[in-house]
Amino acid sequence: MSERDPLAQLLTELENPEFQEALSKLLELVKNLEKSGLLDMLVAITEPEVINRIFDMVITTGTMKLGDSIEGLLNKLGDVAEALQEDVKPASLSELIASLKDPEVAKGLGRLIALLKALGK
Amino acid sequence: MTEKVVVLGAGTGGLVAANLLVSHGYDVTLVEKKDYHLFQPGMLWIAFQGHDPSKYMRRVDTLVKPGVNLLKDTVESIDLNERTVKLESGKTLDYDKLIIALGVSYDYDSVPGHRQLWETYGDYFSGPEHAQRLWKHVSSLREGKLVLAAADPLYKCPPAPHKAAFLSSYTLKKMGRKDKVEVILALPFIHAYPSETMAKIVEPKLEEAGVTVMTMFTVESIDVENKKIYSMEGEELEYDVAAVIPINKGPQIEITPDSVKDEDGFIKVNKYTLEVEGFDDVYAIGDCNNTPTSKTGVTAHLGAEVVVDRILGYDAKFTGRTNCPIVANGTATFVISSYEHPVIPVKFSKFKRMLEDLFIAAYWSSLRDPEKWRSVFKAYFEATDPTKLGESGW
Ligand SMILES: Cc1cc2nc3c(=O)[nH]c(=O)nc-3n(C[C@H](O)[C@H](O)[C@H](O)COP(=O)(O)OP(=O)(O)OC[C@H]3O[C@@H](n4cnc5c(N)ncnc54)[C@H](O)[C@@H]3O)c2cc1C
């Protein structure tokens, strides 16, 4: 493997116009963050102790399972959004009861009950 | 007087132990024979996707904290009664505490034809140059059979051949050779994975990737001239390109007393304290010990933390926790178990692939600054503790 002097490598990078443009945008970002006061907040948040507390709060069995279901949830949300677009007539109580014969409605209701159970735990 | 700790091997376990100890003020000497540390899973990407090895290598001296006395030397022998370590250069080290983290060694000579096969095609276990040789053959394979097999059921990172199968089938598909090249995964197990629970999850994924799985195939001999592999179970496989995982043995050093090694050279330890049998001032962590758990980087890292805590005076215990990632195309899963808990079912998901990508990104930093990552890893391992995830898994 070839050894490269990191300083020399940085200097070559600095001559690259793409890098110069990125760097000037980065400076702009830093200035904006400073002006809005967000930079102070970011500095505080990235203190190791605070980071540790954040990770401790964020990484739990629940969030790990949630992370896994995000894919499915997003697909479901897509279906829901589509359903909301559909034109529907107001339903009566008898229609509601009749609709329970529809396997999709029955399954959805089952999910709703499971959800209520989880919320009540 | 500060306690003198000698750490042997700057792999995953040795680096974590040395860097943690030096930040607690110990006098730490680390012995490593190589200039570079290799991120071993990287060999899969070198061998099956043509990645540049430099991506997965770092100079060892850039991975140790200031204060660690790094010696580039080869360990020849250890005398546990005399508390001395003899190095190839002629130097002798003495210690108050010794941590052995020398990993495994490979045996290419017990299986006839294996050395010749390895010299011809390379493999994805023994080093970046050998992984590059394998890539040369895989990438020029226009049609025929790519066989991925193992010479023994006990090798480090149990899902390594599965990852090899997924990555190579993906590469061949991208090259438009999927119908011309058959990827055959020949495994020395009853199922497609040692744990039946995970086999049920991995099998359909392998099928989806178009990988042919052959179970109960332990390589017994290889005929390189006629391109045939014979199994102990009495079957034979033809190949055009093949990579066979070598037999994994303990480190090749002399230890007095010899009785601390098992018949394969692995160092016998108490599976909870990682103390070498009969010596409370010597520990063996990671791949080189005989703990009944998978040999992985995660295990080596967690073992290093336990040993450092014990040296600090805490009654820390190693749980045998594993977290072996199996990456497939765009997704991943983990093999999760511990001493107390057999493997639980863990599904493939994009989220887990993202977690695995984050683990890989954090690798170098977690070796050099393990204390910074401790709480993150602790949170992750607690959150994904097999008992917490439950029988339904993750
Ligand atoms: C293809 C592949 C994929 C893998 N994938 C994963 C994965 O996804 N996740 C995971 O957790 N693990 C994975 N692993 C396993 C992981 O890399 C190892 O388990 C881990 O590196 C073990 O750490 P260790 O410290 O015990 O040994 P090693 O990291 O192997 O370190 C041993 C060190 O000792 C040095 N050494 C040996 N003998 C001597 C001597 N006589 N004198 C001086 N120095 C010596 C070696 O040069 C080496 O640096 C994979 C392994 C392979 C091969």
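The values are calculated or read from the model by the stated rules, or taken from the named source; none is laboratory data. The structure presented is a predicted model; accordingly, all values stated were derived computationally and were not measured. Positions of Cβ are generated from backbone atoms using ideal geometry, with glycine treated the same way; all protein chains shown enter the neighbour counts. Accessible surface areas use protein heavy atoms only, side chains included; no ligands, DNA or RNA. Shrake-Rupley method; radii C 1.70, N 1.55, O 1.52, S 1.80 Å.
In the set (1) under 20 Å from residue B:249 (Cβ atoms); (2) surrounded by fewer than 20 Cβ atoms within 10 Å (Cβ to Cβ), the condition left unmet by residue B:143 is number (1). So which residues in the stretch B:279-289 are among the hydrophobic types (A, V, I, L, M, F, W, C) and either within 14 Å of chain A (Cβ to nearest Cβ) or away from the ligand (no atom under 13 Å from the Cβ) (or both)? Listed by number, the residues that qualify are B:279, B:282.
Screening the stretch B:8-85 for strands (runs of 3 or more DSSP E) wholly inside it with 2 or more residues that are within 14 Å of another protein chain (Cβ to nearest Cβ) and near the ligand (Cβ under 8 Å from one of its atoms) returns the ranges B:36-38.
Residue count for the stretch B:363-394 satisfying the condition of being away from chain A (no Cβ under 12 Å) and assigned to a helix (DSSP H, G or I): 7. Among residues of the stretch A:49-72 that are over 18 Å from residue B:336 (Cα atoms), those with a Cβ under 6 angstrom from a residue that is open to solvent by 40 Å² or more (accessible area, probe 1.4 Å), sequence gap 6+ or separate chain, pair up as A:71/B:350. When residues in the stretch B:132-157 are screened for being in contact with a Leu (Cβ under 8 Å, 6 or more places away or on another chain) and farther than 16 Å from residue B:182 by Cβ, 1 of them pass. A single entry from B:75, B:85, B:138, B:104 fulfils the requirement of being in contact (Cβ under 8 Å) with a residue 40 or more places away in the chain and within 20 Å of the chain's Cα centre (by Cα): B:104. Assess whether residue B:110 counts as being within 22 Å of the chain's Cα centre (by Cα), within 17 Å of residue B:247 (Cα to Cα) and within 14 Å of the ligand (Cβ to nearest atom). In short, no. Restricting attention to the stretch B:44-55, which residues are open to solvent by 20 Å² or more (accessible area, probe 1.4 Å) and in contact (Cβ under 8 Å) with a residue 12 or more places away in the chain? Within the stretch B:44-55, B:45, B:49, B:50, B:55 meet the criteria. The single residue among B:327, B:335 that is outside any loop (DSSP other than H, G, I, E, B), within 11 Å of the ligand (Cβ to nearest atom), in contact with a strand residue (DSSP E or B) (Cβ under 6 Å, 6 or more places away or on another chain) and more than 28 Å from residue B:4 (Cα to Cα) turns out to be B:335.
Restricted to the stretch B:349-359, and to residues there that are part of a helix (DSSP H, G or I) and either open to solvent by less than 70 Å² (accessible area, probe 1.4 Å) or touching a Gly at 6+ places or on another chain (Cβ under 7 Å) (or both), the residue that is nearest to the other protein chains (Cβ to nearest Cβ) is B:351.
Just one residue in the set B:155, B:124 is surrounded by fewer than 22 Cβ atoms within 10 Å (Cβ to Cβ), out of contact with any Asp or Glu (no Cβ under 8 Å at 6 or more places or on another chain) and touching a residue at least 12 places away in the same chain (Cβ under 8 Å); that residue is B:155.
For residue B:256, are the conditions met, namely being within 13 Å of the ligand (Cβ to nearest atom), among the hydroxyl-bearing types (Ser, Thr, Tyr) and away from chain A (no Cβ under 14 Å)? No, not satisfied. Scanning the stretch A:25-69 for residues that are of a type in the set (D, E, K, R) and within 14 Å of chain B (Cβ to nearest Cβ) returns A:47, A:49, A:53, A:56, A:65, A:68. For the stretch B:360-383, taking the residues that are under 21 Å from the mean Cα position of the chain (by Cα) and under 24 Å from residue B:197 (Cα atoms), the one that is surrounded by the fewest Cβ atoms within 10 Å (Cβ to Cβ) is identified as B:381. Of the residues that make up the stretch B:341-348, is at least one under 26 Å from residue B:17 (Cβ atoms), away from the ligand (no atom under 13 Å from the Cβ), of a type in the set (Lys, Arg) and open to solvent by 10 Å² or more (accessible area, probe 1.4 Å)? Looking through the stretch B:341-348, none of the residues is under 26 Å from residue B:17 (Cβ atoms), away from the ligand (no atom under 13 Å from the Cβ), of a type in the set (Lys, Arg) and open to solvent by 10 Å² or more (accessible area, probe 1.4 Å). Of the strands (runs of 3 or more DSSP E) that lie entirely inside the stretch B:201-269, those containing 2 or more residues that are open to solvent by less than 30 Å² (accessible area, probe 1.4 Å) and in contact with a strand residue (DSSP E or B) (Cβ under 7 Å, 6 or more places away or on another chain) span B:219-223, B:228-231, B:241-245, B:247-249.
Of all residues in the stretch B:290-308, exactly one satisfies the criterion of being part of a loop (DSSP other than H, G, I, E, B), of a type outside the set (S, T, N, Q) and near the ligand (Cβ under 7 Å from one of its atoms), namely B:295.
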